[in-house]
Amino acid sequence: MATISAEPSLVAARRTSRRIRLGTVDIGDGAPISIQSMTTTRTEDVGATLVQAHALATQGADIVRVAVPHEADAKALPAIVAQAGVPIVADVHFSYRLALLALEAGVAGLRLNPGNIRDAAQIRTVVREAASRKVPIRVGANAGSLDRGLLARHGGATPEALVESALTEVAILEDEGFGDIKISVKHQNVAQMIAAYRLLAAATPYPLHLGVTEAGPPPTGLVKSAVGIGTLLAEGIGDTIRVSLTADPVEEVTTAKSILQALGIRRSTFDLVACPSCGRAELDVVDLTNQVLARLEALALPPVQIAVMGCEVNGPGEARDADVGIAAGPGRGLLFSRGRQIGWVPAERMVDALLEEAVKVAREKQANPAEAGLGEGA
Ligand code: SF4
């Protein structure tokens, strides 16, 4: 999907890393930061898994991961891979045989957890098969499943323990001459997660997959993910991201897109600016904003910034600064477009007038890539 490149922002230069290719998606070495999510269906249920994979891809997931806990799940993979329309990653724990079946099924990527396939010979067998098929492997260390010896040595699931776990497995892969690696060191504690990734970023040249594990339901899980992933991205760390929410995984994708958009890394959709409302508001700002939001989501507009402001005090300034904006007055709203005052519209026409102008401006910007800065996001 074409995206809008980053505007000048506070995001640091991206950490230099190797690049891998996962199906059709490049990861690392300056490639656009990709969004991942994971299905919650039983993978063996091909129909249900495909419905969810399609929903995730439609919402903007670049990569979809599926759990492969049983042989029946592995046997469902060929049909899923063939019909998903998005690169599929098999998430395999404990069984190297399931990893081999997933590779045979044609998955675009494999995720292995160093904490639970402990036999190095088995890992080597998987690595050789992945190499022959040019399938990258994510070494995904997780605070909840670290090796007991490591936990004892480090006094718990510390950032150092996570990094050691990941890099110990990476060394086995490297020993097989395998370099199509990305790494994650997820922790449910945001501060520990950030510390682990900072250590990892300094210690390895591989691209990094960011995530706060077991972040929980929204809004807490959403905030934890935004703080953890957002902090690292702002430091230039991270090449692909997964928001983990106890919710419909489509919300993971919309949250991930919002994180990238908030940092100015990727702008692939509208940016709605709305005032929080206060005692000066001339109308119900929350209701008006929700009406605009619902219409915008249905329109699937190219990138455009839209402002909804509740009064004539601070409203006109913000409305003028956005691509399109409205500042409410008593029974009417003052419409702005690209910094120009268009005129007053009656209250009942405000949403329509704002949206009509937004569509017009979005199309003008889309038709002029130089102005819009069309290109791939950082
Ligand atoms: Fe209050 Fe007006 Fe500011 Fe909205 S724009 S928060 S209504 S002062």
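The values are calculated or read from the model by the stated rules, or taken from the named source; none is laboratory data. What you see is a predicted model; the values in this text were computed from it and never measured. Virtual Cβ from ideal backbone geometry, glycine too; neighbours counted across all protein chains shown.
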Would you pick out the residues in the range 202-220 that are over 17 Å from Ala262 (Cα atoms) and either of a type in the set (A, V, I, L, M) or touching a Leu at 6+ places or on another chain (Cβ under 7 Å) (or both)?
Ala202, Ala203, Thr204, Leu208, Val212, Ala215, Pro217, Pro218
Selection within the range 305-315 - more than 33 Å from the chain's Cα centre (by Cα) and surrounded by fewer than 19 Cβ atoms within 10 Å (Cβ to Cβ):
Glu312, Val313, Asn314
In the range 267-304, residue surrounded by the most Cβ atoms within 10 Å (Cβ to Cβ) [restricted to those that are in a loop (DSSP other than H, G, I, E, B) and more than 16 Å from the ligand (Cβ to nearest atom)]
Val304
Of all residues making up the range 312-323, the number that are away from the ligand (no atom under 11 Å from the Cβ) and in contact (Cβ under 8 Å) with a residue 40 or more places away in the chain:
2
Considering only the range 239-266, state which residues are part of a loop (DSSP other than H, G, I, E, B) and either among the hydroxyl-bearing types (Ser, Thr, Tyr) or in contact with a Cys (Cβ under 7 Å, 6 or more places away or on another chain) (or both).
Ser244, Thr246
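Report yes if Ile229 is assigned to a strand (DSSP E or B) and either within 25 Å of Thr41 (Cβ to Cβ) or within 16 Å of the ligand (Cβ to nearest atom) (or both), otherwise no.
Details: assigned to a strand (DSSP E or B): no; either within 25 Å of Thr41 (Cβ to Cβ) or within 16 Å of the ligand (Cβ to nearest atom) (or both): yes.
No: the conditions fail for Ile229.
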Restricting the first residue to the range 265-288 and requiring it to be farther than 30 Å from Ile33 by Cα, which pairs with a second residue that is more than 16 Å from the ligand (Cβ to nearest atom) and among the β-branched types (Val, Ile, Thr) meet a Cβ separation below 9 Å and a spacing of at least six or different chains?
Leu288/Val351
Of (1) touching a residue at least 24 places away in the same chain (Cβ under 8 Å); (2) β-branched (Val, Ile, Thr); (3) not assigned by TED's automatic domain parsing to the domain that holds Lys186, Val250 satisfies all except one. Which?
(3)
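Taking into account only those residues within the range 324-341 that are away from the ligand (no atom under 13 Å from the Cβ) and surrounded by fewer than 24 Cβ atoms within 10 Å (Cβ to Cβ), which is farthest from the chain's Cα centre (by Cα)?
Across the range 324-341, the extreme among qualifying residues is Gly331.
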Please return the ranges of strands (runs of 3 or more DSSP E) entirely within the range 88-207 where 2 or more residues are surrounded by fewer than 20 Cβ atoms within 10 Å (Cβ to Cβ) and of a type in the set (A, V, I, L, M, F, W, C).
none
